[in-house]
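The values are calculated or read from the model by the stated rules, or taken from the named source; none is laboratory data. Everything numeric here is computed off the predicted structure, so don't read it as measured data. Neighbour counts run over all protein chains shown; Cβ positions are idealised from the backbone, glycine included. With ligands, DNA and RNA removed, areas are computed over all heavy atoms of the protein, side chains included. Shrake-Rupley method; radii C 1.70, N 1.55, O 1.52, S 1.80 Å.
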Amino acid sequence: APRKTIVGNVMEATQLGPDVQINIHQEAAYLKRYPPRICFFCRQPAKAGGETTIAPMRRVTRNLPAWLRPLLEEHGVLGVNNFAAPDAQGGAPITDNYDDKPWDASYGVASRPEVEAICNQMGQQAIWNADGSLTVVTRSA
């Protein structure tokens, strides 16, 4: 979800409006090295809704169809994230389509070599597209 850095490694959860539902997901699970902990804090609770659904993912995994688990263990998971080219006006759009967020805003850096260094550190492949956008590929196996 679109978010911005508050300070250091502290980020807001999302900039999406209350009309957008965020599906259950594993935060940063696509990374080979993900944060050792994720904390939640709410400065101003929503007047209605606003819940964060938390599910025991080990139980979710156990409930996958029997034929699927061995395939995932053998082949792994391929994650593909797309990022738009930097916005000349300097404003990242607030949208539920992650592909709309520019790579400079997503990574918090201004140059391609900096993004590539971050991707290399995270075990990801950065693919630069002709229009200046970025595709990042992560393989779990």
Going through segment 115-125 one residue at a time, which ones are open to solvent by 20 Å² or more (accessible area, probe 1.4 Å), over 27 Å from L71 (Cβ atoms) and either assigned to a strand (DSSP E or B) or in contact with a helix residue (DSSP H, G or I) (Cβ under 7 Å, 6 or more places away or on another chain) (or both)? I118
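Listed residues G79, G90; which is assigned to a strand (DSSP E or B), of a type outside the set (V, I, T), open to solvent by less than 80 Å² (accessible area, probe 1.4 Å) and modelled with pLDDT under 90? Explain how you work it out, then say what you get.
Values: G90 fails: assigned to a strand (DSSP E or B).
It is G79.
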Here the qualifying pairs (Cβ atoms under 6 Å; residues six or more apart or on different chains; first in segment 57-72 and within 17 Å of Q26 (Cα to Cα) and open to solvent by less than 90 Å² (accessible area, probe 1.4 Å); second outside any helix (DSSP H, G or I) and not aliphatic (A, V, I, L, M)) come out as M57/Q26
Does E27 fit the bill of being of a type in the set (D, E), modelled with pLDDT of 75 or more and either open to solvent by less than 60 Å² (accessible area, probe 1.4 Å) or within 28 Å of G123 (Cβ to Cβ) (or both)? no
Scan segment 123-139 residue by residue and report those that are among the β-branched types (V, I, T) and within 10 Å of V80 (Cα to Cα). T135, V136, V137, T138
